[in-house]
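Worksheet for the structure shown next.
The values are calculated or read from the model by the stated rules, or taken from the named source; none is laboratory data. In this text the structure is predicted, and so the values were computed from the model without any measurement. Counting neighbours? That spans all protein chains shown, and the Cβs are built from the backbone with ideal geometry, glycine included. Accessible surface is based on the protein model in full, side chains and every heavy atom, while ligands, DNA and RNA are left aside. Shrake-Rupley method; radii C 1.70, N 1.55, O 1.52, S 1.80 Å.
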Amino acid sequence: MADPVKRHHERLARLGAGNERARNRVPDTEQQVTPSMTLKPSLIKSGRGTDGPTHNLHLLLVLLPCPPLYLPRIPSISSATPSVTMTRDCDWQATPRQWLLLLATCYWWLPGSAQRLDLPAQEHAHSIRLEGDIILGGLFPVHSRGDRGVPCGELKKEKGIHRLEAMLFAIDLINKDPELLPNVTLGARILDTCSRDTYALEQSLTFVQALIEKDGSDVRCASGDPPVFAKPDKIVGVIGAAASSVSIMVANILRLFKIPQISYASTAPELSDNTRYDFFSRVVPPDSYQAQAMLDIVTAMGWNYVSTLASEGNYGESGVEAFIQISRETGGVCIAQSLKIPREPKPGEFDKIVLRLMETSNARAVIMFANEDDIRRILGAAKRNNQTGHFLWVGSDSWGSKVSPVVQQERVAEGAVTILPKRASVDAFDRYFRSRSLSNNRRNVWFAEFWEENFGCKLGSHGKRPGSPKKCTGLEKVGRDSSYEQEGKVQFVMDAVYAMAHALHRMHRDLCSGVPGLCARMSNIDGKELLAYIRAVNFNGSAGTPVVFNENGDAPGRYDIFQYQITNRSTAEYKVIGHWTNKLHLKVEAMRWARGNRAVPASVCSLPCRAGERKKTVKGVPCCWHCERCEGYHFQASEFSCELCPYEQRPDRNRTGCQAIPIVKLEWHSPWAAVPIFLSVLGILATTSVVAAFMRHNDTPIVRASGRELSYVLLTGIFLCYAATFPMIATPGAGVCSLRRVFLGLGMCFSYAALLTKTNRIHRIFEQGKKSVTAPRFISPASQLAITFSLISVQLLGVFVWFAVDPPHTVVDFGEQRTQDPESARGVLKCDISDLSLICSLGYSILLMVTCTVYAIKTRGVPETFNEAKPIGFTMYTTCIIWLAFIPIFFGTAQSAERMYIQTTTLTVSLSLSASVSLGMLYMPKVYIIIFHPEQNVPKRKRSFKAIVTAATMSGKLTQKGADRPNGEVKTELRKHGDQQ
């Protein structure tokens, strides 16, 4: 086979593959034909065929058939039959490969063939042909989809005729424009898609006839003459189609022959794929922009849980798919359900859909990518199921501002938010269309049918409305005798035609260099080169907005946003509430919902968590969650997490952050401080009185007998014990903390060092007297002071070492009052004195106290009149009891929230009680005698050291005998012994 034939074979094979892919995406519900059937004229008329390569043969037969007299019987290409036998009218044997060539080279219906096949004459009138230097193709849904195998149904006045006339009007304007394509006339070949993708595919093959090479060398007709070939129009570009499913089908064919295509209404995101639909462009934005705009609306309303509803087909399914994809990438919006409306819904199907939507009743917002018939029926189902006011409809441009879906269903549609590509009415087209009549619009082969439909009359006996009682006069006028409103896509049809014209104009300017008319270089326009010019156009369209294309052939997204509202007068209308141009601009204050409510209704899976609560999401549904409160010292760090506050902080009231824990200290007015201060003040006054009394009567016998030097040391210690209360309660600071360290053990050290020295002196005196009459060493006042200050110096040395190792400073203890309830938590300002440091500081004083108590016990047997042995003993016993009680109270409250108050009060009160015991038992009796019984404060007979020791010795012996003798005998003997001395 020759090379051109081989190339045709490969091209047609690709064409078949493209059709197969298109058919797999959109199932064909038409009647199938077996491969062995004879292809009859009725089959050709209806467009029925089979899947696979044989189906493609049928399509090409419609495109380029032989005269019907020579129709062969077509077997399956995959059949084992090696050849195809012609009927007896064409005596020719051909292989399937040669048969493909035959189909590609046969003549398009010879004149009069329709009459020979008894086909209706109007079948040939299903296209408009305008002569011109450059021919543009056009695809419009002039008729609706037919039922029961019939390809075409009723006429579409607006979507069909209005749009078709818009293309014709645009061509007229361009041909009259001296600046645009001068001396070049645009023509057109316009076809009806009948709103069916498979039918549109067969019709669109008309556009590629001129691009198929014809080789009739092996073809002979019955008479033996070669076949006659008519010269078909060469289509340089196609305007259309409307439905996305139709555009997808047609684009698969046109790209094989490199014919650019500009759609005025197809918005499926799938068509943005430049690798599959590289010759496809559109003047309307794709649904991906629309889906983004709808998602922005949902987000602006605060809705995060929605359902989607799509009509089966490319438009609905791809629109919903784009919405779901963008919502996943953006986050924040979850899809409760994604439902699909079948192409052929069964009775009750819409009621079932409404009931399914109610299964997720929280998802009140419903995103709809559906045709207007499905919208009308879903609204009716919601009304029947008493769901008026429940659903929040968000409709795509297929709903837009149309009235037909909401007629008699105004209440259930109230509040619906819809979107529509930004557009404007073209006034010039209104004037043009109103002027159309049967006499001046013969080029539109469907205009007579429109006339009958529009005015409800009948044109003669062959009219389309045989049941109409009224006959058309031809004098009717559009807009006067019938209602008229410009269809919404008229602007985009005109923009598509003008985009093609501007591309051709620039191409003509570059290739023809100002030559009038078409030059040789444009006699055969390269589709790929024209496509580059189309993608580069930039002009103001019929609505005054720029017409441009991106690298995928898409127009920029510009939408008006409407809301269907019912005013106070019970009139329903669509109101513009915003627009979207790469960003949402919405007037929320202008929105009205069910019954005129201004508050935005909710469409959420879970209500927002309150402040201080985190979201615990449901697995797999990020928009549904349970709210958990942040407990304890945790605060809400983010929507989904709680974190622990820093140790020195606590959560605020809302638990959305942390705040500093209040710092407390022991205040002077606190009850915990009042008692120690009261005792301390009394003790200081009493001590001062005693010192004053002693100093005033410094040389009296009682003062001298008590040991003046050690008494003043002891009184100093008592005073310091009382005074220690004040630095213990004062606000902690470096100075106060230093005083605490010094005063904490110094007062006790002074007191018990003096008492220890006294008891030790008494003990040594009487122990020495048992051995000899020589006085022991170091019993003089100076020696006693030296011993006392030596003991005190040990305490001071320990304090200085403490200062050097750990300088005094303050700390805030947040653990002491860290309660379960953070509101009650407090930080305690205190000096950095640990329990161990406290024990060490007091330990030395306690050691002195215990040692002194031991000596007091040993000297308990001295004469009552000898010094202060017995009062010292009672003092030490009482003091030991006080400090034994102090230890469990102080250390047993270490875990209490009131630890600071209890321990400070316990320590200061213990110090004051110890000082009070010493002051009361050792000095109050002496002061009493000094003040109230001065007659007793006289010197007694002075005795020698030997007499004192002898008296003490005899006292000890007599004490032992006292247990065996009658009462009074011991005293008598002792008296006699004393008299003898």
If you check Pro516 against the conditions, is it farther than 24 Å from Ala166 by Cα and open to solvent by 20 Å² or more (accessible area, probe 1.4 Å)?
yes
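Those residues that are of a type in the set (Phe, Trp, Tyr) and either within 60 Å of the chain's Cα centre (by Cα) or at pLDDT below 85 (or both), I need them from the stretch 739-765; list them, please. Reasoning before the result, please.
Step one: filter the stretch 739-765 for residues of a type in the set (Phe, Trp, Tyr), giving 743, 750, 752.
Hits for the stretch 739-765 are Phe743, Tyr752.
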Go through the stretch 714-751 and give me each residue that's under 22 Å from Leu682 (Cβ atoms), of a type in the set (Val, Ile, Thr) and touching a residue at least 40 places away in the same chain (Cβ under 8 Å).
Ile718, Thr725, Ile729
Name the single residue, out of those in the stretch 579-601 being in a strand (DSSP E or B) and either aromatic (Phe, Trp, Tyr) or in contact (Cβ under 8 Å) with a residue 60 or more places away in the chain (or both), that is nearest to Val284 (Cα to Cα).
Trp580
Of the residues Glu864, Glu823, which is outside any strand (DSSP E or B), surrounded by fewer than 14 Cβ atoms within 10 Å (Cβ to Cβ) and at pLDDT 85 or above?
Glu823
Of all residues in the stretch 462-473 being in contact with a helix residue (DSSP H, G or I) (Cβ under 8 Å, 6 or more places away or on another chain) and closer than 15 Å to Phe447 by Cα, which is modelled with the highest pLDDT?
Cys472
So which of Ser288, Ser223, Ser281 ends up being polar (S, T, N, Q) and in contact (Cβ under 8 Å) with a residue 60 or more places away in the chain?
Ser281
Checking Gly313 against (1) under 24 Å from Gln387 (Cα atoms); (2) in contact with a helix residue (DSSP H, G or I) (Cβ under 8 Å, 6 or more places away or on another chain); (3) buried (at least 19 other Cβ atoms within 10 Å of the Cβ): exactly one of these is not met. Which one?
(1)
Can you name the condition, by its number, that Asn385 falls short on among (1) out of contact with any Ser or Thr (no Cβ under 9 Å at 6 or more places or on another chain); (2) farther than 21 Å from Gln409 by Cα; (3) among the polar types (S, T, N, Q)?
(2)
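In the stretch 683-692, which residue that is of a type in the set (A, V, I, L, M, F, W, C) and more than 16 Å from Phe750 (Cβ to Cβ) is nearest to the chain's Cα centre (by Cα)?
Leu685
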Counting only residues in the stretch 369-392 that are touching a residue at least 40 places away in the same chain (Cβ under 8 Å) and touching a strand residue (DSSP E or B) at 6+ places or on another chain (Cβ under 6 Å), the one farthest from Val284 (Cα to Cα) is identified as Leu392
Which one of Arg569, Arg558 is out of contact with any Gly (no Cβ under 9 Å at 6 or more places or on another chain) and surrounded by fewer than 17 Cβ atoms within 10 Å (Cβ to Cβ)?
Arg569
Might you let me know whether the stretch 535-544 holds any residue that is in a helix (DSSP H, G or I), within 24 Å of Pro182 (Cα to Cα), of a type in the set (Ser, Thr, Tyr) and in contact (Cβ under 8 Å) with a residue 12 or more places away in the chain?
no
Name the pairs: first residue in the stretch 693-712 and under 18 Å from Phe750 (Cα atoms) and open to solvent by 30 Å² or more (accessible area, probe 1.4 Å), second residue part of a helix (DSSP H, G or I) and of a type outside the set (Ser, Thr, Tyr), Cβ to Cβ under 6 Å, at least 6 apart or on different chains?
Glu709/Pro781; Glu709/Leu785
List the pairs whose first member sits in the stretch 244-270 and is basic (Lys, Arg), whose second member is assigned to a loop (DSSP other than H, G, I, E, B) and open to solvent by 10 Å² or more (accessible area, probe 1.4 Å), and whose Cβ atoms are under 8 Å apart, counting only residues at least 6 apart or on separate chains?
Arg255/Asp278; Arg255/Phe279; Lys258/Phe279; Lys258/Asp526
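Here's the yes/no breakdown for (1) open to solvent by 40 Å² or more (accessible area, probe 1.4 Å); (2) modelled with pLDDT of 85 or more:
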| position | (1), (2) |
| --- | --- |
| Glu767 | yes, no |
| Lys771 | yes, no |
| Gln784 | no, no |
| Ser790 | yes, yes |
| Leu796 | yes, yes |
| Val801 | yes, yes |
| Ala804 | yes, yes |
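So which helices (runs of 4 or more DSSP H) are wholly in the stretch 651-751 and hold at least 3 residues that are under 30 Å from Ala804 (Cβ atoms)?
Details: elements: 671-696, 701-705, 708-723, 725-729.
So the answer is 708-723, 725-729.
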Would you please list the contacts, defined by Cβ atoms under 8 Å and residues six or more apart or on different chains, that run from a residue in the stretch 777-800 that is under 20 Å from Met849 (Cα atoms) to a residue that is acidic (Asp, Glu) and surrounded by 13 or more Cβ atoms within 10 Å (Cβ to Cβ)?
Gln784/Glu709; Leu785/Glu709
Verdict on Ile729 being touching a Ser or Thr at 6+ places or on another chain (Cβ under 6 Å) and either modelled with pLDDT of 85 or more or surrounded by 17 or more Cβ atoms within 10 Å (Cβ to Cβ) (or both)
no
Taking the stretch 489-513 on its own, how many of its residues are surrounded by 13 or more Cβ atoms within 10 Å (Cβ to Cβ) and in a loop (DSSP other than H, G, I, E, B)?
1
Flagged pairs (Cβ under 9 angstrom, 6 or more apart or on separate chains; first in the stretch 642-658, acidic (Asp, Glu); second part of a loop (DSSP other than H, G, I, E, B)) are Glu643/Cys630; Glu648/Ile661; Asp652/Gly612
Return only the number of the condition from (1) at pLDDT below 90; (2) open to solvent by less than 50 Å² (accessible area, probe 1.4 Å); (3) not in a strand (DSSP E or B) that Trp625 does not satisfy.
(3)
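Here's a check for you: in the stretch 911-927, which residue that is open to solvent by less than 10 Å² (accessible area, probe 1.4 Å) and assigned to a helix (DSSP H, G or I) is modelled with the lowest pLDDT? Don't jump to the end; show me each part of the working.
If we filter the stretch 911-927 for residues that are open to solvent by less than 10 Å² (accessible area, probe 1.4 Å), which is where we start, we get 911-912, 914-915, 918-919, 922-923.
Still in the running and assigned to a helix (DSSP H, G or I): 911-912, 914-915, 918-919, 922.
Numbers: Leu911: 86, Ser912: 89, Ser914: 86, Ala915: 87, Ser918: 85, Leu919: 86, Leu922: 82.
Among those residues, the one meeting the criterion is Leu922.
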For Ile872, work out the one condition from (1) within 60 Å of the chain's Cα centre (by Cα); (2) under 21 Å from Tyr923 (Cα atoms); (3) not aromatic (Phe, Trp, Tyr) it doesn't fulfil.
(1)
Six or more apart or on different chains, Cβ under 6 Å: which pairs go from a residue in the stretch 558-572 that's free of Cβ contacts under 8 Å to residues at least 12 places away in the same chain and under 21 Å from Gln292 (Cα atoms) to one that's of a type outside the set (A, V, I, L, M, F, W, C) and exposed (fewer than 11 other Cβ atoms within 10 Å of the Cβ)? Could you list them?
none
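Gln486: open to solvent by less than 40 Å² (accessible area, probe 1.4 Å), part of a helix (DSSP H, G or I) and either within 30 Å of Val394 (Cβ to Cβ) or among the basic types (Lys, Arg) (or both), yes or no? Quick ask: steps written out before the conclusion?
Numbers: open to solvent by less than 40 Å² (accessible area, probe 1.4 Å): yes; part of a helix (DSSP H, G or I): no; either within 30 Å of Val394 (Cβ to Cβ) or among the basic types (Lys, Arg) (or both): yes.
In short, no.
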Would you confirm whether any residue within the stretch 249-256 is at pLDDT 95 or above, of a type in the set (Lys, Arg) and in contact with a helix residue (DSSP H, G or I) (Cβ under 9 Å, 6 or more places away or on another chain)?
no
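Determine, yes or no, whether Leu682 is of a type in the set (A, V, I, L, M) and open to solvent by 70 Å² or more (accessible area, probe 1.4 Å). Let's see the steps before the verdict.
Numbers: of a type in the set (A, V, I, L, M): yes; open to solvent by 70 Å² or more (accessible area, probe 1.4 Å): yes.
Yes: the conditions hold for Leu682.
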